[in-house]
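See structure below.
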Amino acid sequence: MNIFEQYLDKIKKIVLDQAKNGKLVLPEKLDGITAELPPEKFNSDISTNVAMFLSKLNNKPPLELAKLLAKLIKESDDLIDDITIVKPGFINIKFKPVFWTNFVQSIIKVSDNYGINSNENKKNYLIEFVSANPTGPLHVGHCRGAVLGDVIGNVLSFNKHKVTKEYYVNDYGNQIVNFTKSVYLRIRENLFKEPFPLDNDDLYPGDYLISFAQNIISANKDINFEDFDKIAEKLTELSIDEALKLIKNNLNILGINHDNFVSEKKIVNNQEVEKVVDYLQKTKFVYKGKIKAPVGKDNDKWVEREQLLFRSTDFGDDKDRALQKTDGSWTYFASDVAYHKNKLDRNFDFLINILGADHSGYIKRISSSVDALSNSKGKLICKVSQLVKLIKDKKPFKMSKRKGDYITVDDLINEVGKDATRFIMLNRSSDVELDFDFDNVIEKSKDNPLFYVQYCYARIASVFRHIDKDLNSEIKINNYDFKYSIDEINILKKISEWPKCIDVTTNKLEPHRILAYLYDLASLFHSYWNLGKDDPDKRFINDQKKINDDKLVFLKIISNVIKSGMNIVGVSTPEKM
């Protein structure tokens, strides 16, 4: 039940009727009309800008138009108690108490499904995220994007869209050759006591390769490790398998499971790159040309060579992009274009890519290729996950480790746990840098948003436990003739915004909005809970050690929303803290 959508529809019907009667002039679309929760100081329940939206077109002052529309809105609904007009022309609607009784009755029946937009056309999404090179464990730089992609998928799934979560395995190219050589040298170190050359910058020095080497040796007794060239292909396969096992374990600990792992090597070997280049040539988006020196490069040292180029400037990119190197091998971009053609061929409505901060410049060229391949714009949506800075004792923090020159996902989870890692990674919009403060994460106060929301749920659970009821079971009430106080109605107003939060989060793909909503709801609840310390009427358990049905239902719907939100975020809702 989205009360804002309901009243928006009523308001639009009123203005459409007025337009039919020749009393109003309307634009082609009414999308600019809004219905929102007004600021608390106005003591109203819904505010609309309809008068200001139509003022100019109808050549009438907003306040004059608001008086006409306010009268019609009030006459259309007997649940409206009062309507006030606020400069410069907002119409503020106040409901009768029975409205909130009806509201509670309607949403307790749908339980966990409250917030789902059943009127929305459901789409089929492919979300590609993480896609780190299969050369070692995931680090903190991957962690934020991993959680972002997972929770975007979760909120879309909650809203009944079809979602596929995918990992693109970059198992082709020079980095894989160097990675395989690194594993080989660790094998030689194990078998023949040859020291690993730590001074070679092309190799991967992390100690995790020692266990890779040991696993490969013990599981492959039939392989002779004397000659690298003879076993390179097989060793590459075994090394990538080891890396993917580690990565999947990292993701599993973080609470993430992908539906698909797509191999770049298979795409190349299946000649999908040649096929997509051929397609783009037929559609006149590929040509032979030369690229000028990149900005910041020394033009005197830059050598212009003829290459196979994609016309990405036709789609707003700042320059055309190379598909083939001068030696005839394909560029990374060419493989990526082939992969996106592979995605398009699977007939998803939307493709979502979660990219790291260092890949933000890549968005325009890959979006251009998808536009060219699909003959449509907006098919590909790219979200950038900005950097995470770890803070402890008010200073940048680096944990001790033996896995290379970065902090791994395992390091972070071992320090603060999965719930805190996931929650805090989403605590700000993904397009701004995030400070991950270890001191706040372990604090049991409102400065720790995870604790504050979980404590809200635990407090509600404690009331149910006190009366020997299961918080997760269905509540059966025969008579919903409830009366709620102003403080309770303020919380119900926040509850009424949950479907709106889900809609905005789904449309903008911004899951930090869910965390902000949950924190606000928890804050309202904790404030109300604390009123009971001084006012017995505000307590949930009365002197007879019982709870009234109205308060029981009130607590239940709060817990349902908290549970739904935390499930989307992928964190727990403990009943005791």
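The values are calculated or read from the model by the stated rules, or taken from the named source; none is laboratory data. Bear in mind the structure is a predicted one, so any value in this text is a computation, not a measurement. No Cβ is skipped: glycine too gets one built from the backbone with ideal geometry, and neighbour counts run over all protein chains shown. The accessibility values were calculated without ligands, DNA or RNA, using every heavy atom of the protein model including side chains. Shrake-Rupley method; radii C 1.70, N 1.55, O 1.52, S 1.80 Å.
Given the conditions (1) within 19 Å of residue 406 (Cα to Cα); (2) surrounded by 15 or more Cβ atoms within 10 Å (Cβ to Cβ), report the number of the one that residue 211 does not fulfil. Unmet for residue 211, out of (1) within 19 Å of residue 406 (Cα to Cα); (2) surrounded by 15 or more Cβ atoms within 10 Å (Cβ to Cβ): (2). With respect to (1) of a type outside the set (Phe, Trp, Tyr); (2) modelled with pLDDT of 95 or more; (3) open to solvent by less than 50 Å² (accessible area, probe 1.4 Å), the lone exception for residue 52 is condition (3).
Considering only segment 554-577, state which residues are assigned to a helix (DSSP H, G or I) and either hydrophobic (A, V, I, L, M, F, W, C) or touching a strand residue (DSSP E or B) at 6+ places or on another chain (Cβ under 7 Å) (or both).
554, 555, 557, 558, 561, 562, 566, 568, 569
Scanning segment 6-49 for residues that are open to solvent by 60 Å² or more (accessible area, probe 1.4 Å) and assigned to a helix (DSSP H, G or I) turns up 6, 9, 10, 13, 16, 20, 40, 41, 42.
Residue 438 passes every criterion in (1) closer than 25 Å to residue 525 by Cα; (2) open to solvent by less than 40 Å² (accessible area, probe 1.4 Å); (3) touching a residue at least 40 places away in the same chain (Cβ under 8 Å) apart from (1).
Please find, among 243, 219, the residue that is more than 30 Å from residue 375 (Cβ to Cβ), hydrophobic (A, V, I, L, M, F, W, C) and surrounded by fewer than 14 Cβ atoms within 10 Å (Cβ to Cβ). Spell out the reasoning first.
Details: 243 fails: surrounded by fewer than 14 Cβ atoms within 10 Å (Cβ to Cβ).
Matching residue, one of 243, 219: 219.
As a summary of the residue check, residue 198 satisfies the conditions (1) free of Cβ contacts under 8 Å to residues at least 24 places away in the same chain; (2) under 30 Å from residue 269 (Cβ atoms) except for the one numbered (2). Screening 146, 132 for residues that are touching a helix residue (DSSP H, G or I) at 6+ places or on another chain (Cβ under 8 Å) and at pLDDT below 95 leaves exactly one candidate, 132.
Here the strands (runs of 3 or more DSSP E) wholly within segment 221-322 that include at least 2 residues being within 25 Å of residue 206 (Cβ to Cβ) are 260-263. Selection within segment 514-549: residues that are over 19 Å from residue 562 (Cβ atoms) and assigned to a helix (DSSP H, G or I). The member of this set that is least open to solvent (accessible area, probe 1.4 Å) is 538. Scanning segment 184-204 for residues that are within 25 Å of residue 410 (Cβ to Cβ), assigned to a loop (DSSP other than H, G, I, E, B) and open to solvent by less than 70 Å² (accessible area, probe 1.4 Å) yields 196, 203, 204.
Selection of first residues in segment 495-517 that are free of Cβ contacts under 8 Å to residues at least 60 places away in the same chain and of second residues that are β-branched (Val, Ile, Thr) and surrounded by 21 or more Cβ atoms within 10 Å (Cβ to Cβ), restricted to Cβ pairs under 6 Å at least 6 apart or on distinct chains, gives the following pairs, ordered by first then second residue: 513/505. Quick check, is residue 487 assigned to a loop (DSSP other than H, G, I, E, B), closer than 24 Å to residue 43 by Cβ and charged (D, E, K, R)? For residue 487, the condition - assigned to a loop (DSSP other than H, G, I, E, B), closer than 24 Å to residue 43 by Cβ and charged (D, E, K, R) - is not met.
Among the residues of segment 230-240, what is the count of those that are open to solvent by less than 60 Å² (accessible area, probe 1.4 Å) and either within 33 Å of the chain's Cα centre (by Cα) or under 13 Å from residue 211 (Cα atoms) (or both)? Show your work before the answer.
From segment 230-240, those open to solvent by less than 60 Å² (accessible area, probe 1.4 Å) are 231-232, 235-236, 238-240; that's our starting set.
Among the residues that remain, those that are also either within 33 Å of the chain's Cα centre (by Cα) or under 13 Å from residue 211 (Cα atoms) (or both) are: 238-240.
Final tally of qualifying residues: 3.
Quick test for you: out of 483, 493, pick the one residue that is over 17 Å from residue 577 (Cβ atoms) and either in contact with a His (Cβ under 9 Å, 6 or more places away or on another chain) or modelled with pLDDT of 95 or more (or both). Only one candidate qualifies: 493. Checked against (1) surrounded by 16 or more Cβ atoms within 10 Å (Cβ to Cβ); (2) closer than 20 Å to residue 325 by Cα, residue 269 meets all criteria but (1). Every condition in (1) hydroxyl-bearing (Ser, Thr, Tyr); (2) surrounded by 16 or more Cβ atoms within 10 Å (Cβ to Cβ); (3) in a helix (DSSP H, G or I) is met by residue 360 except one, and the failing one is (2).
Being open to solvent by 50 Å² or more (accessible area, probe 1.4 Å) and closer than 30 Å to residue 384 by Cα holds for only one residue in 118, 131, and it is 118.
Contact annotation: residue pairs with Cβ atoms under 6 Å, 6 or more positions apart or on different chains, pairing a residue in segment 250-263 that is over 15 Å from residue 147 (Cα atoms) with a partner that is hydrophobic (A, V, I, L, M, F, W, C) and open to solvent by less than 20 Å² (accessible area, probe 1.4 Å), are 261/169; 263/169. Does residue 151 satisfy the condition of being aliphatic (A, V, I, L, M), open to solvent by 50 Å² or more (accessible area, probe 1.4 Å), assigned to a helix (DSSP H, G or I) and farther than 30 Å from residue 181 by Cα? For residue 151, the condition - aliphatic (A, V, I, L, M), open to solvent by 50 Å² or more (accessible area, probe 1.4 Å), assigned to a helix (DSSP H, G or I) and farther than 30 Å from residue 181 by Cα - is not met. Selection over segment 452-471 of residues that are under 12 Å from residue 573 (Cβ atoms) and either in a helix (DSSP H, G or I) or free of Cβ contacts under 8 Å to residues at least 40 places away in the same chain (or both) gives a count of 9.
Say we look at segment 83-105 and pick out the residues that are outside any helix (DSSP H, G or I) and open to solvent by 70 Å² or more (accessible area, probe 1.4 Å); which of these is nearest to residue 18 (Cα to Cα)?
Filtering segment 83-105 for residues that are outside any helix (DSSP H, G or I) and open to solvent by 70 Å² or more (accessible area, probe 1.4 Å), the one nearest to residue 18 (Cα to Cα) comes out as 90.
If you go through segment 55-66 and keep only what is loosely packed, with under 15 Cβ neighbours inside 10 Å and part of a helix (DSSP H, G or I), you end up with 56, 57, 64. When each of 289, 316 is tested for being open to solvent by less than 60 Å² (accessible area, probe 1.4 Å) and either within 30 Å of the chain's Cα centre (by Cα) or within 20 Å of residue 132 (Cα to Cα) (or both), the lone residue that passes is 316.
Of the residues 478, 490, 472, the single one that is within 16 Å of residue 557 (Cα to Cα), more than 26 Å from the chain's Cα centre (by Cα) and open to solvent by 50 Å² or more (accessible area, probe 1.4 Å) is 472.
Looking only at segment 71-82, which residues are assigned to a helix (DSSP H, G or I) and either over 20 Å from residue 9 (Cα atoms) or open to solvent by 10 Å² or more (accessible area, probe 1.4 Å) (or both)? Scanning segment 71-82 gives 71, 72, 74, 75.
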